[in-house]
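The values are calculated or read from the model by the stated rules, or taken from the named source; none is laboratory data. Model, not experiment: these values are computed from the prediction. A quick note on method: Cβ atoms are made from the backbone with ideal geometry, for glycine too, and the neighbour counts reach across all protein chains shown.
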Amino acid sequence: MRPSDIRRAPATRGPSATRNSGIDLLRVLGICAVVYGHVVTTETTAQWIYPWHGPLFFFLSGYFWKRGRSATSELRIRARSLLVPYAFWLAAGLVLLGIAGLLTVEGVFAIARGGVSAKGIFAAFWFVTALFWATMLARLLEPLPGWVAWAVAVAGVAASYSLPMGALPLALGHAFPGLLFLLFGALAARVRLPWWAGLALLAACAAVIAALPIAYFNLKSLNLGTPVVGVLLAVALSWGLTVSFGHVSAAWATLPATAGIAVVLLHTFVLFFVAPWGLPVPITLAIVLSATWAIAVVLRWTPLSPAACGVPRLRVSAGPRGSAAASRVRRRVLDRS
């Protein structure tokens, strides 16, 4: 099974006929879960949110993998959609810390190292480079026999249990579990399941989490939980969510979904300002979520969209010509997914 051997999920009606709006809704939910995990730091969050909110996005990258794309094209597309926003928000964060008088030499080196070394307002940045490495690794392995990619992914995951791969710069070590989740996503795109099977998978996973004494899963620290069980649980949760939401129509979710990378990178900045207020956790969460999504969606309509969100700027259509231009923009957004 090669990561390229997939088909797209059936599209639902919405702003773009070539996007699955239910999966866009799932992307929005997954990003909200990332924000939740940074605001509500409890054992319950670690138990119920961490096993899926990181693996999900690698899984979806495999689920919507485009076959036949060259490594050069992949590099160009991923650089625009991932590395450019990474650099934009990195620069914004450095300016913010400089103004606040919180920038130190040690801090700058840690930020430059990236991955798990980048903390504070850069705490979520590891995800972007991890996704970049995983997708590039998958593309480079694509011309080889399918079993090679699986072998590389499994070997890398096995090594992460005994070697400090999570400490590698720019989340390089995260490429291997990311590749494994991507490959399972590609597999899921081939094995079509009905909506009720997705719900059954989620119910089974919930029973396992609630009943068994399994170790906590934290993809950021490359703590993959109980060997084998932790990874398979993450796969099953991602698979169940993808199948379940793939049958939902939610056209409104497409716009915020295309601004998702900005929310991932920006929400810790908003939390930086809100946390000192000492508000109750639910209020803090509501402020961070609403403010971050609002800023990200507004940015989609500005010239900053390519840099901040990694996708072309949205424009108000004006007649047939405007509609055609909007369609071209939507196609380019999809091509970069």
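So which residues in region 186-241 are in contact with a strand residue (DSSP E or B) (Cβ under 9 Å, 6 or more places away or on another chain) and in a helix (DSSP H, G or I), if there are any at all?
Within region 186-241, 230, 231, 233, 234 qualify.
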In the list 8, 13, 27, 2, which residue meets the criterion of being of a type in the set (D, E, K, R), under 20 Å from the mean Cα position of the chain (by Cα) and either closer than 18 Å to residue 192 by Cα or modelled with pLDDT under 95 (or both)? 8
Within region 236-245, which residues are of a type outside the set (Phe, Trp, Tyr) and crowded, with 22+ Cβ neighbours inside 10 Å? 237, 238, 240, 241, 242, 243
Members of region 136-168 found to be over 20 Å from the mean Cα position of the chain (by Cα) and in a loop (DSSP other than H, G, I, E, B), listed by number: 142, 143, 144, 145, 161, 162, 163, 164
When residues of region 71-94 are limited to those that are touching a Leu at 6+ places or on another chain (Cβ under 9 Å) and without any contact (Cβ under 8 Å) to a residue 40 or more places away in the chain, the one surrounded by the fewest Cβ atoms within 10 Å (Cβ to Cβ): 94
Hand me the list of helices (runs of 4 or more DSSP H) wholly inside region 66-126 holding 1 or more residues that are under 20 Å from residue 168 (Cα atoms). 84-100, 105-113
Which of (1) closer than 23 Å to residue 244 by Cβ; (2) small (Gly, Ala, Ser); (3) modelled with pLDDT of 95 or more does residue 210 not meet, given it meets every other one? (3)
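Quick grid of which residues meet (1) touching a Phe, Trp or Tyr at 6+ places or on another chain (Cβ under 9 Å); (2) of a type in the set (D, E, K, R):
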site	(1), (2)
220	yes, yes
224	yes, no
230	yes, no
252	no, no
265	yes, no
From the options 283, 295, residue that is loosely packed, with under 14 Cβ neighbours inside 10 Å, modelled with pLDDT of 95 or more, in a helix (DSSP H, G or I) and of a type outside the set (Asp, Glu): 283
Given (1) assigned to a loop (DSSP other than H, G, I, E, B); (2) under 19 Å from residue 26 (Cα atoms), identify the lone condition not met by residue 178. (1)
Taking region 141-168, which residues are more than 19 Å from residue 226 (Cβ to Cβ) and among the aromatic types (Phe, Trp, Tyr)? 147, 150
Where residues in region 36-54 are more than 20 Å from residue 178 (Cα to Cα) and of a type in the set (A, V, I, L, M), which of them is surrounded by the most Cβ atoms within 10 Å (Cβ to Cβ)? 39
Does residue 318 satisfy being farther than 24 Å from residue 58 by Cβ, at pLDDT below 95 and either of a type in the set (Gly, Ala, Ser) or in contact with a helix residue (DSSP H, G or I) (Cβ under 6 Å, 6 or more places away or on another chain) (or both)? yes
For residue 153, all conditions in the list (1) crowded, with 22+ Cβ neighbours inside 10 Å; (2) in contact (Cβ under 8 Å) with a residue 40 or more places away in the chain hold save one; what is the number of the exception? (2)
Please verify whether residue 134 is surrounded by fewer than 21 Cβ atoms within 10 Å (Cβ to Cβ) and either touching a Phe, Trp or Tyr at 6+ places or on another chain (Cβ under 7 Å) or small (Gly, Ala, Ser) (or both), treating the condition exactly as stated. no
